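Visitor: Right, I'll just put the structure down here and ask away after.
Throughout, read-outs are computed from the coordinates displayed, never taken from laboratory work. Note that the structure is predicted; figures quoted are calculated from it, not measured. So basically every Cβ, Gly included, is an ideal-geometry build from the backbone, and we count neighbours across all protein chains shown.
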Amino acid sequence: MTLSHTAAQPPPMALPLSGEQPRTAPVTPALAHARTGMHRHGMIALPAEERWVHTARHFAASLLARWDVVPEDQDSVLLIVGELAGNAAQHGRADMIVSLSFEGRAVRIEVADSGATAPSPHPRCTGAHDEHGRGVGIVELLADWTETLEERHRRRDRAGVRVATAPAGASRADLVLA
């Protein structure tokens, strides 16, 4: 699988003018993923900035709902997506690509960030009260497997989670009430 990002593609959110909040464009999973048999895939390219992590999670939630993944498993996958996208944003890479694949009974999550790493303006604290550094532990706890591939100007973090889907004919309301 080859991931590519073209600078000419606009991000899925309208960029704010100075002082404005970003405006979210609707994420349309029907257009953002491809179905071939039992293999489904979706990806979104975003700037690697904290404010886009919510968009990555929203995109993933849309795909998981469309794929009929049960809510409990959606929560685990969304926590992983949030942690991996947050790490990509925090480490100062220029762009990130969030990719989810669903095949068989597993969802594979990949967050690739590319570009040169920006130097951190502040040294990181590693004290007992530090809120940083826990994301990897959360991902490892929730995922069935994890993998990190480090390249010169690119890092790919991957995780896989076995998931359950709603029984055929069950409505989303049945899942929420169950």
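Visitor: Using a Förster distance of 22 Å, how high is the FRET efficiency between T146 and H39, based on the Cβ-Cβ distance and rounded to 0.05? Please report the intermediate quantities before stating the final value.
Guide: Numbers: r = 21 Å, r/R0 = 0.96.
With R0 = 22 Å, the Cβ-Cβ based efficiency is 0.55.
Visitor: May I pose another question? Can you work out the Karplus-derived ³J(HN,Hα) for every residue in the stretch 55-60? Use 6.51 cos²θ - 1.76 cosθ + 1.60 with θ = phi - 60°, whole Hz, and x for glycine or proline.
Guide: 5, 4, 5, 5, 4, 4
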